[in-house]
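Everything below concerns the one structure shown next.
The values are calculated or read from the model by the stated rules, or taken from the named source; none is laboratory data. Predicted, not measured: the structure shown is a model, and the values here were computed from it. Neighbour counts are summed over all protein chains in view; Cβ atoms, including those assigned to glycine, are modelled from backbone coordinates with ideal geometry. When the accessible area is computed, the model is the full protein with side chains, heavy atoms only, and any ligands, DNA or RNA have been set aside. Shrake-Rupley method; radii C 1.70, N 1.55, O 1.52, S 1.80 Å.
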Amino acid sequence: LPVGAFPRSDTSTRAPRPDSPVRTMADFDTPTGSGFMEGAQREIENEQRQAQAKAIILALSEKCFDKCIGTPGAKLSSGEASCVRNCAQRYFESQAYVAKRFMKMLQAQRSEDL
Amino acid sequence: LKFAYCCPRAVSSLTSAKFAMSSTPPSENEVREAVHGFKKQMAAQQLQVTLTKITEKCFDKCVSKPGASLSNSEQACLAKCMDRFLETTAVVTGALSRGAGGDEL
């Protein structure tokens, strides 16, 4: 079984190939083992990472939709589109800012305790 | 299998009755089918979450005073709102892959 059976970037949901001979996991102990299970593992983990990324995008789209789009028109005006772009970027900057400041607060707390 | 510990719903698709009853480990084909099923499940879930979000947002925007039925203008507003929301998602995706996307995602 080729290692590329589970390419990391492949997100299609095509049906599994029925042509390759069925083997059991006992066969995977040989040195020529294809890393099949590792490939399956990676594919699952890839799906999970993608799901997390999609969740972030959806949450952010929600926020920016609320902030930038009033009455829905026939298409996004250029103002609305740039508002959404700014919104996304400013959100991540806010996230970085909050994290950084929180670290400073923790450090200040620790040096007080000493 | 590491991924068995992460997602309960994924596990249910992977540990079908076939696996539970047999004493031999799953074959390659069975694992492949399980992975395929998992992907389909994730996609279906994602779709459902997105549609729920759109319905919430667009109901808020378009149906201010609920009447005895959805008027034509309300339906038109829902249609536009849905399209604009999906467009927003595309803009956000684009902004992320260009700008701050790398480390956050």
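Some notes on this structure:
- Buried area at the A-B interface (accessible, heavy atoms, 1.4 Å probe, summed, Å²): 4500 Å²
- Per residue, the solvent-accessible area of the range A:41-114 (1.4 Å probe, heavy atoms of protein chains only, all protein chains present) comes to 65 Å².
- The calculated FRET efficiency for B:Leu51 paired with A:Gln107, based on their beta-carbon distance and R0 = 45 Å, is about 0.50.
- If you sort B:Lys39, A:Lys54, B:Lys61 by accessible surface, 1.4 Å probe, largest first, the order is A:Lys54, B:Lys61, B:Lys39.
- Percent carbon-and-sulfur accessible area, the range A:35-77, ignoring ligands, DNA and RNA, probe 1.4 Å: 54 percent
- Using a simple spin-label model with pseudo-atoms 7 Å out from Cα toward Cβ, A:Ser78 and B:Ser71 lie 3.4 nm apart.
- Carbon + sulfur, % of accessible area of the range B:28-105 - ligands and nucleic acids excluded, 1.4 Å: 56 percent
- A:Glu93, A:Glu80, B:Glu87, ranked by accessible area, largest first (probe 1.4 Å): A:Glu93, B:Glu87, A:Glu80
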